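Undergrad: Pasting a structure below so you can have a look.
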């Protein structure tokens, strides 16, 4: 009883307790799953380009767009890992799931359309006469968003990453 009174008097409840010394950013399974999902997706883009064009382009490791969607892989791995760790019925998983849905919707909607607009604008600028002030402008980036199959592939990669991570954490 004295502990409850002391805790109440100090203003610290059980929900504000400090993390244990064993918890660390390096053992944060959802965070690690998200980073691994991102890394695998971006690496896959590098090898996909090599397979298609027989050339290495290390910019692919940080580029947006392409197959699979690293945005989708990242947020799906994060949401699934939170679900595996905290339960799929809690508010933390709900928040992560909504975030994932927004990111994936944006990738196939706004960002994909912005990339298509960039293609059209680049074509218009390319066709301008050489004396036009915009003729020498730098081209806009065209590969910004993702097609639905790219987003689905990223989502499946994220689910797989989180599931394998969950199995690894269960073994420990």
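Undergrad: So which residues in segment 68-87 are over 18 Å from residue 156 (Cβ atoms) and not in a helix (DSSP H, G or I), if there are any at all?
TA: 87
Undergrad: For segment 139-146, indicate whether the set of residues that are modelled with pLDDT of 75 or more and under 26 Å from the mean Cα position of the chain (by Cα) is non-empty.
TA: yes
Undergrad: Given the criteria surrounded by 16 or more Cβ atoms within 10 Å (Cβ to Cβ), farther than 16 Å from residue 149 by Cβ and not assigned by TED's automatic domain parsing to the domain that holds residue 158, does residue 118 qualify? Before the answer, list the steps.
TA: Working: surrounded by 16 or more Cβ atoms within 10 Å (Cβ to Cβ): yes; farther than 16 Å from residue 149 by Cβ: yes; not assigned by TED's automatic domain parsing to the domain that holds residue 158: yes.
Answer is yes for this residue.
Undergrad: Also, I was wondering about something else. Could you grab me the full set of residues in segment 90-123 that are in contact with a helix residue (DSSP H, G or I) (Cβ under 9 Å, 6 or more places away or on another chain) and part of a loop (DSSP other than H, G, I, E, B)?
TA: Within segment 90-123, just 90 meets the criteria.
The values are calculated or read from the model by the stated rules, or taken from the named source; none is laboratory data. In this text, all values refer to a predicted model and were calculated from it rather than measured experimentally. Note that each Cβ is placed from the backbone with ideal geometry, even for glycine, and that neighbours are counted across all protein chains shown.
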